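All remarks here apply to the structure that follows.
The values are calculated or read from the model by the stated rules, or taken from the named source; none is laboratory data. Because the structure is predicted, anything quoted here is derived from the model rather than measured. Note that each Cβ is placed from the backbone with ideal geometry, even for glycine, and that neighbours are counted across all protein chains shown. Just so you know, the surface numbers come from the protein's heavy atoms only, side chains and all, with ligands and any DNA or RNA stripped out. Shrake-Rupley method; radii C 1.70, N 1.55, O 1.52, S 1.80 Å.
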Amino acid sequence: MSNFKNVEPLQDFNWEEFENDGAVGAQKEETAKRYDETLNKVSEHQVVDGTVISVDKKEVIVNIGYKSDGIIPASEFRYNPDLKVGDVVEVYVENQEDRKGQLLLSHKKARLSKSWDRVNAALENEDIVQGYIKCRTKGGMIVDVFGIEAFLPGSQIDVHPIRDYDIFVGKTMEFKIVKINQEFRNVVVSHKALIEAELEAQKKEIISKLEKGQILEGTVKNITSYGVFVDLGGVDGLIHITDLSWGRVSDPHEVVTLDQKINVVILDFDDEKRRIALGLKQLTPHPWDALDQNLKVGDHVHGKVVVIADYGAFVEIAPGVEGLIHVSEMSWSQHLRSAQDFMKVGDEVEAVILTLDREERKMSLGIKQLKEDPWEAIEVKYPVGSKHTAKVRNFTNFGIFVELEEGVDGLIHISDLSWTKKVKHPSEFTQVGADIDVVVLEIDKENRRLSLGHKQLEENPWDTYETIYTPGSIHAGKITEIMDKGAVIALNEGGEGFATPKHLVKEDGSQAQQGEELDFKVIEFVKETKRIILSHSRTFEEGKDDVKRAPRAAKRPAKKDEAPAINNVAASTTLGDLDALAKLKAEMEKGE
């Protein structure tokens, strides 16, 4: 069987020319010339239209009517993922023929040649353009539009905040050109602008139907420290942090998550319904309404400290139900301190209900009531005459306030600090925070205050001084302080005396000085006012030995910075008068 097919011979084939080589060569040239004339005249570096005849992952083959087809890298068509065979595209002729005889074309350069005119026209006409998102950059994305690298701000990608920019890289999207900087040739595009018009129509429809109290479904769009933004379908509303839960919320993330679908109730909105206040907790009954009806004043409750301030602590005994423990109800002590001294946020505490107002939804609590009031049986623990150790809390000019135990305070009057030492201010005697021994002198239960003494822990030395410092007796002493009105003398047997300047004259006529140790004669002793009047001069003067005790009736309290008054004849007369009195007394005794 023959493998040859029947072929019709050419009727006009010239066998003579075929046999003549020269004739055939001429025919070939003529044929080639006529073929070339049928092809497009293509000049290098010009932009022409071409038809896509093949598309694959690596390259696109385009026919521009030239004797060979051009090859273009597929990457130049990333902005147009819908490219297909038959599409007409612009190409730039790089080279009519490379070393391999291949026509080299560029689609990218063809786009660039007219791109600036196109973007300006698109801005002016508000045209929608396609762009390829090439990569991320600071604050947004870089988009290929007509071969120009345009900037897409992050806020213009979508109407919703974008949390993951990377998912948009490599995508081709529609954009609207919103801004062009002619000087720097910067182009800004927006995808959000394309959908805002449609959303605006939806938004107006939703807003027109909004009513207070209406319950809607929304999607959590954004979470901030002060609340949660919810998308109601093109319209945003805010759930303030206080409206998320009946209980206290420190972080909205504790209640909701991003993209979560939740039901909310409309609480309020402005006249234009642009600011919409939403509530989440209002969809559930108020916890106070569900509070145990049997709960009453005096009952014990347990809860957690949720807020603390200097004046007290708020304790949550159930979600949304809180009671205040005022700092005055934390301790029986009358010294107000800060609530932080007793508890901190997060502490689990037990408390007693002091007041309960269900209508006002208020409750006050106390923890000191869990302990016995120390003043209930104060006479038993701190009877008059009992001795104790107290802590010095603070000073006043008239005494020392001390604390025997928490809630039990007392006052030591400045006059009850020492039998012998003259205390001008309590700070000379002790210091704040120090321990001091006391004896209970008096109980004032109504005012919750004890009168205490310190000197009463020792015997009154003035009982002994009365027998030692009899008028006329001589004792050794040291001058410890000199003032205008006289000097203070510390006596060796104990206690202090006072001598006026004229009784400080020494035998040689000089005046006694501070620090000198001398003999002094007692010229007056008054136990009630703790006054001992002394004289050094009398110790060496003759005839002055018979000085009598001063009458006790003539006495008055000494004023501040005033030398004690000498209320007897011996102390108030001159030395000459004393001599006459002594002689008169001697004659009277002889007469007797």
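G477 - would you say it is more than 60 Å from the chain's Cα centre (by Cα) and buried (at least 17 other Cβ atoms within 10 Å of the Cβ)? Yes; evaluated as a whole, the condition is true for this residue.
When region 65-86 is limited to residues that are of a type outside the set (V, I, T) and more than 60 Å from the chain's Cα centre (by Cα), the one that is nearest to F146 (Cα to Cα) turns out to be K84.
Of all residues in region 96-136, those satisfying the criterion of being open to solvent by 50 Å² or more (accessible area, probe 1.4 Å) and either in contact with a Leu (Cβ under 9 Å, 6 or more places away or on another chain) or in a strand (DSSP E or B) (or both) are Q96, E97, L104, I128, Q130, K134, C135, R136.
Selection within region 380-425: residues that are touching a residue at least 40 places away in the same chain (Cβ under 8 Å) and among the small types (G, A, S). The member of this set that is farthest from L452 (Cα to Cα) is G407. Identify the residue in region 250-268 that is in contact with a Ser or Thr (Cβ under 9 Å, 6 or more places away or on another chain) and in a helix (DSSP H, G or I) and, among all such residues, is most open to solvent (accessible area, probe 1.4 Å). The extreme case among them is E254. Kindly evaluate G247 against the criterion of being part of a loop (DSSP other than H, G, I, E, B) and buried (at least 16 other Cβ atoms within 10 Å of the Cβ). Yes: the conditions hold for G247.
When V439 is tested against (1) assigned to a loop (DSSP other than H, G, I, E, B); (2) touching a residue at least 12 places away in the same chain (Cβ under 8 Å); (3) under 24 Å from I378 (Cβ atoms), only condition (1) is not met. Of all the residues in region 204-220, those that are surrounded by fewer than 19 Cβ atoms within 10 Å (Cβ to Cβ) and either touching a Phe, Trp or Tyr at 6+ places or on another chain (Cβ under 8 Å) or not in a strand (DSSP E or B) (or both) number 11. Is there a residue being under 23 Å from G407 (Cα atoms), over 28 Å from the mean Cα position of the chain (by Cα) and at pLDDT below 85 anywhere in region 309-324? No, region 309-324 has no match at all.
Rundown of residues vs (1) among the hydrophobic types (A, V, I, L, M, F, W, C); (2) under 26 Å from L232 (Cα atoms); (3) part of a strand (DSSP E or B); (4) in contact with a His (Cβ under 7 Å, 6 or more places away or on another chain), yes/no style:
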{"residue": "I162", "(1), (2), (3), (4)": "yes, yes, no, no"}
{"residue": "D166", "(1), (2), (3), (4)": "no, no, no, no"}
{"residue": "I177", "(1), (2), (3), (4)": "yes, no, yes, no"}
{"residue": "I180", "(1), (2), (3), (4)": "yes, no, yes, no"}
{"residue": "V187", "(1), (2), (3), (4)": "yes, no, yes, no"}
{"residue": "E196", "(1), (2), (3), (4)": "no, yes, no, no"}
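Among the conditions (1) at pLDDT below 85; (2) part of a strand (DSSP E or B), V62 misses just one, which is (1). Any chance region 230-239 includes a residue that's surrounded by 16 or more Cβ atoms within 10 Å (Cβ to Cβ), farther than 14 Å from Q282 by Cβ, among the hydrophobic types (A, V, I, L, M, F, W, C) and without any contact (Cβ under 8 Å) to a residue 24 or more places away in the chain? No. Against the conditions (1) crowded, with 17+ Cβ neighbours inside 10 Å; (2) among the aliphatic types (A, V, I, L, M); (3) part of a strand (DSSP E or B), I142 satisfies every one except (1). Looking across region 329-366, the residues that are in contact with a Phe, Trp or Tyr (Cβ under 8 Å, 6 or more places away or on another chain) and surrounded by fewer than 17 Cβ atoms within 10 Å (Cβ to Cβ) come down to R358, R361.
For region 269-282, filtered to residues that are more than 19 Å from R361 (Cα to Cα) and open to solvent by less than 70 Å² (accessible area, probe 1.4 Å), the residue that is modelled with the lowest pLDDT is K273.
Could you tell me whether I157 is within 11 Å of K192 (Cβ to Cβ), among the aliphatic types (A, V, I, L, M) and surrounded by 14 or more Cβ atoms within 10 Å (Cβ to Cβ)? Answer is yes for this residue.
Within region 404-439, which residues are among the hydrophobic types (A, V, I, L, M, F, W, C), farther than 21 Å from K527 by Cβ and out of contact with any Leu (no Cβ under 6 Å at 6 or more places or on another chain)? Scanning region 404-439 gives L404, V408, L411, V432, A434, I436. Counting only residues that are modelled with pLDDT of 85 or more and either in contact with a helix residue (DSSP H, G or I) (Cβ under 6 Å, 6 or more places away or on another chain) or open to solvent by 60 Å² or more (accessible area, probe 1.4 Å) (or both), region 45-59 holds 6 of them. Scanning region 445-463 for residues being open to solvent by 40 Å² or more (accessible area, probe 1.4 Å) and under 24 Å from D435 (Cβ atoms) gives a total of 8. Residues of region 512-542 that are assigned to a loop (DSSP other than H, G, I, E, B), of a type in the set (D, E, K, R) and touching a residue at least 12 places away in the same chain (Cβ under 8 Å): E516, K527, E528, K530, E541. On the basis of being outside any strand (DSSP E or B) and exposed (fewer than 14 other Cβ atoms within 10 Å of the Cβ), does T430 make the cut? No, not satisfied. Restricting attention to region 70-94, the residues that are open to solvent by 50 Å² or more (accessible area, probe 1.4 Å) and either part of a loop (DSSP other than H, G, I, E, B) or within 18 Å of V48 (Cα to Cα) (or both) total 9.
Filtering region 197-226 to residues that are closer than 30 Å to I128 by Cα and modelled with pLDDT of 80 or more leaves T219, K221, N222.
Just one of the listed residues (V169, V145, V119) is within 43 Å of the chain's Cα centre (by Cα) and aliphatic (A, V, I, L, M), namely V169. Six or more apart or on different chains, Cβ under 6 Å: which pairs go from a residue in region 338-357 that's touching a residue at least 60 places away in the same chain (Cβ under 8 Å) to one that's surrounded by 13 or more Cβ atoms within 10 Å (Cβ to Cβ)? Could you list them? Matching pairs, first to second residue: L356/M363.
Tallying residues that are out of contact with any strand residue (DSSP E or B) (no Cβ under 6 Å at 6 or more places or on another chain) and surrounded by 17 or more Cβ atoms within 10 Å (Cβ to Cβ) within region 174-203 yields 2.
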